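The structure appears below as structure tokens.
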2 protein chains.
Amino acid sequence: MTIDELTRHAGEWLSGRGPQSDIVVSSRIRLARNISGFPFLSRATESQRKEILRLICSTIDNTAIGPKSSFFDIEETPDLDREILVERHLISRQHAGAQGSRGVAVSDEETVAVMINEEDHLRIQSLRSGLQLQAAWEELRLLDDALERQVDYAYHSRFGYLTACPTNVGTGIRVSAMLHLPAIKLSEQLQKVFRAAKDMQVAVRGLFGEGTDAQGDFYQISNQTTLGKSEEEIIREFETVVIPGIVEYEKRARDLLVNERTSLLDDKVWRAVGLLENARAVSTEETLNLLSHLRMGINLGRLSNIDIRTVNELFLQMQPAHLQKMSGEELTSEQRGVIRADCIRKKFSNNN
Amino acid sequence: MTIDELTRHAGEWLSGRGPQSDIVVSSRIRLARNISGFPFLSRATESQRKEILRLICSTIDNTAIGPKSSFFDIEETPDLDREILVERHLISRQHAGAQGSRGVAVSDEETVAVMINEEDHLRIQSLRSGLQLQAAWEELRLLDDALERQVDYAYHSRFGYLTACPTNVGTGIRVSAMLHLPAIKLSEQLQKVFRAAKDMQVAVRGLFGEGTDAQGDFYQISNQTTLGKSEEEIIREFETVVIPGIVEYEKRARDLLVNERTSLLDDKVWRAVGLLENARAVSTEETLNLLSHLRMGINLGRLSNIDIRTVNELFLQMQPAHLQKMSGEELTSEQRGVIRADCIRKKFSNNN
């Protein structure tokens, strides 16, 4: 699959089909792994990076992460296409902007992505719509086991898997979920929820992970522990305690809006409709915020006639790189604003 | 006419019919007069105030400022009704909030209003849609002459008409126009225009005159000179030099928007449409700003199907006192926001 083909549809994680997907947009697990016999990347020569890339690529080919899986050589990929991969959460911003041999293998439907030569030799992720951490883990574990049968992972009998950054040592696992929390935001309770999250030792980050801002009321919640617990324990705790706790806060805030602050709720929802259907220029940030209120309106039954998948896909398609890819040319920020507004208006007039 | 009857329609000055009314919403002239033999109001006793009020009322009755003219005793008028008169520009905020005997006589169509016992014994105003200073002056001069035949004005052979504040001594005239300047505002040229206005010795004020903010891109421009020139000279200079100068700035700014910044212009106009048609709660300030962009859109041919009179009337009817009068009850600011949004949505669905 080429990047062009990729951009035509959203991955499975934006289908809005998974359990509790009114609040839990997606679930993600990633494993950090390094190949024994090679230095960590901060100390690897370019020829060693090439060797790692070649080795892992051939291993993945043998393992087959999916019949229609694709490999993208990031060094050879143009800037705009790299940004497409970032916007689709298939590679990190760091991976896009780094130097040297590196790549990513992506499965059909984009449920699995393997970054090669990011911070570690291997970053294997599984990404699913809704709260599906068990399913993500099953898929990831099979792939990880298959890889481990062919390459020697750097492993220490006492510490577990060795990783470039000590915070990942042990299981090398990071479990996260992307939550849509517009009602908590509107009720001005974010700080309270973030303090509670901190007490549960989870991190709250923005739409694109570490160091990024929350946009469109999306928050990435992730575990901080990789050591001293098994993968299964970490996932179980995250799926049965941490995420349900925050989801419960959001549900209560939504109930309160519906029952006691109906005018405020409907005002936010309908203003979003009015602006999306009428604006002639709109920034990415404003678009995400408007779509967020629209998504809330649909999920709370304040709006009908708008398909949730349409809205979910717009979150992706209206981002700068996707927009330029669709237009077939590089655009200034001002040009993007106008084209973005045009696309949205067309989408809604088709949809209604 | 009662206040209730008054609120049902807008006065002539909001008809949008006068010359150049795409930019010049209305023209206003007022004369300050005092009755000889009575002290200025700051030194008058309550019985003297009563005497002045009685005297002027009987004189106005004789003079007949219009067959359907009305008199409102402000002391006896409830707060909400006083606010109605302020919102209609028939009395000043100071007159509404003052103490003691005072009133206002209003002609049919609200083209003439005579405030009694405001800062001076008499404040006679003529208010017209568009740029109609000559017509306003004709009407005002006839009334002033008719009054002067029946009462003795305080007049000094060297200084002219004597007034409570020295800035009004001489002719006692103030000439002003309410301009709608959304394009100058959007082009961020307001400061430049205000500096030019200052050089021409005119004052720029907000929607309700002295000490008020500009709302909805409406600016009241008024002359500062009352001494050393005749009324006719002051009016002629204002009508042929000052106002055309500022109107020209606004026209150029509008041309620039239409020809070179079409996206910005249409974005502002259509966002206003989207929000007015969809919001579920909206403040007075936001409403005036949205209506301002709508008015600009209609005047620049970016929108059809919306009648300019509807928009002009909404500027008046969506203000707090008018809204409460229509609803038949006093409302909190939050309740007003919801009812205001409902009214606007109904208006537009009827209009389309």
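Miscellaneous remarks
Here's the yes/no breakdown for (1) at pLDDT 90 or above; (2) touching a helix residue (DSSP H, G or I) at 6+ places or on another chain (Cβ under 6 Å); (3) of a type in the set (Val, Ile, Thr); (4) not in a strand (DSSP E or B):
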site	(1), (2), (3), (4)
B:ALA10	no, yes, no, yes
B:ILE29	yes, yes, yes, no
B:SER42	yes, no, no, yes
B:ARG49	yes, no, no, yes
B:GLU75	yes, no, no, yes
B:VAL104	yes, no, yes, no
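- The set of residues in the stretch A:32-51 being open to solvent by 20 Å² or more (accessible area, probe 1.4 Å) and polar (S, T, N, Q) consists of A:SER36, A:SER42, A:THR45, A:SER47, A:GLN48.
- Within the stretch B:230-259, the set of residues being in contact with a Phe, Trp or Tyr (Cβ under 9 Å, 6 or more places away or on another chain) and basic (Lys, Arg) is empty.
- Near pairs, Cβ below 6 angstrom, 6+ apart or cross-chain, from the stretch A:82-99 (over 21 Å from A:LEU314 (Cα atoms)) to any residue that is part of a helix (DSSP H, G or I) and modelled with pLDDT of 95 or more: A:ALA96/A:ARG82; A:ALA96/A:VAL86
- Candidates in the stretch B:230-242 are the residues that are surrounded by 18 or more Cβ atoms within 10 Å (Cβ to Cβ) and not β-branched (Val, Ile, Thr); of these, the one that is farthest from the other protein chains (Cβ to nearest Cβ) is B:GLU231.
- Yes/no for B:GLY245 being over 16 Å from B:VAL25 (Cα atoms), small (Gly, Ala, Ser) and away from every other protein chain (no Cβ under 14 Å): no
- Of all the residues in the stretch A:81-120, those that are open to solvent by 20 Å² or more (accessible area, probe 1.4 Å) and either on the phi > 0 side of the Ramachandran plot or outside the structural domain of A:LEU143 (by TED's automatic domain parsing) (or both) number 2.
- A:ARG336 open to solvent by 40 Å² or more (accessible area, probe 1.4 Å) and closer than 20 Å to A:PHE218 by Cα: no
- Selection over the stretch A:320-333 of residues that are open to solvent by 70 Å² or more (accessible area, probe 1.4 Å) and in a helix (DSSP H, G or I) gives a count of 2.
- Each residue in the stretch B:339-352 was checked for being in a helix (DSSP H, G or I) and either open to solvent by 40 Å² or more (accessible area, probe 1.4 Å) or among the basic types (Lys, Arg) (or both), and 9 pass.
- Of A:LEU131, A:LEU147, A:LEU127, all but one fail to be assigned to a strand (DSSP E or B) and either in contact (Cβ under 8 Å) with a residue 60 or more places away in the chain or of a type in the set (Ser, Thr, Tyr) (or both); the exception is A:LEU127.
- Which listed residue, of B:ARG252, B:ARG205, is at pLDDT below 90 and either open to solvent by 10 Å² or more (accessible area, probe 1.4 Å) or in the same structural domain as B:GLY297 (by TED's automatic domain parsing) (or both): B:ARG205
- Note on the stretch B:290-315: among residues that are hydroxyl-bearing (Ser, Thr, Tyr) and assigned to a helix (DSSP H, G or I), the one that is farthest from the other protein chains (Cβ to nearest Cβ) is B:THR310.
- Only one of A:ARG336, A:ARG340 that is over 19 Å from A:SER21 (Cα atoms), basic (Lys, Arg) and in contact with a Pro (Cβ under 7 Å, 6 or more places away or on another chain): A:ARG336
- Answer residue from the stretch B:269-289, given it is β-branched (Val, Ile, Thr) and within 14 Å of A:ALA279 (Cα to Cα) and is farthest from the other protein chains (Cβ to nearest Cβ) among those: B:VAL269
- Neighbours by Cβ (under 6 Å, 6+ apart or cross-chain): first from the stretch B:260-281, open to solvent by 50 Å² or more (accessible area, probe 1.4 Å); second among the acidic types (Asp, Glu): B:ARG280/A:ASP266; B:ARG280/A:ASP267
- Residue count for the stretch B:226-248, restricted to those that are part of a loop (DSSP other than H, G, I, E, B) and aliphatic (A, V, I, L, M): 1
- Qualifying residue in the stretch B:24-31 (condition: out of contact with any Phe, Trp or Tyr (no Cβ under 9 Å at 6 or more places or on another chain), hydroxyl-bearing (Ser, Thr, Tyr) and either open to solvent by 70 Å² or more (accessible area, probe 1.4 Å) or in the same structural domain as B:GLU232 (by TED's automatic domain parsing) (or both)): no
- Count of the stretch A:286-319 residues which are polar (S, T, N, Q) and either touching a Ser or Thr at 6+ places or on another chain (Cβ under 6 Å) or open to solvent by less than 40 Å² (accessible area, probe 1.4 Å) (or both): 6
The values are calculated or read from the model by the stated rules, or taken from the named source; none is laboratory data. This structure is a prediction, so every number in the text was calculated from the model and none was measured. Note that each Cβ is placed from the backbone with ideal geometry, even for glycine, and that neighbours are counted across all protein chains shown. Heavy atoms of the whole protein, side chains included, go into the accessibility calculation; ligands, DNA and RNA do not. Shrake-Rupley method; radii C 1.70, N 1.55, O 1.52, S 1.80 Å.
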